[in-house]
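Enquirer: Sharing a structure below in structure tokens format, with a few things to ask.
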């Protein structure tokens, strides 16, 4: 499972590489559904992110949001610069 996620993350990074700065960003691996909805996600989208994280483990890269059900490219573009996986 971890190898699959790493492969997906590698592909997604190649498609959309961007520097990740932790300043003033929501920690994706610790964010609650309520915090995610405050970024403009629907309650259903936020719940999908939390569910995905619980089932598959922490996000290794923000780009992994693109494999979460209900997170389209448009939704990703709306929030990707507001979240981070950096500690």
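The values are calculated or read from the model by the stated rules, or taken from the named source; none is laboratory data. Please read these numbers as outputs of a predicted model, since none were measured by experiment. Virtual Cβ from ideal backbone geometry, glycine too; neighbours counted across all protein chains shown.
Enquirer: Of the numbered conditions (1) farther than 18 Å from residue 72 by Cβ; (2) at pLDDT below 50; (3) surrounded by 13 or more Cβ atoms within 10 Å (Cβ to Cβ), residue 35 satisfies every one except a single condition; which is it?
Expert: Unmet condition: (2).
Enquirer: Just name the residue that is surrounded by the fewest Cβ atoms within 10 Å (Cβ to Cβ) out of those in the range 38-50 that are in contact with a helix residue (DSSP H, G or I) (Cβ under 7 Å, 6 or more places away or on another chain) and in contact (Cβ under 8 Å) with a residue 24 or more places away in the chain.
Expert: For the range 38-50, the residue satisfying everything is 40.
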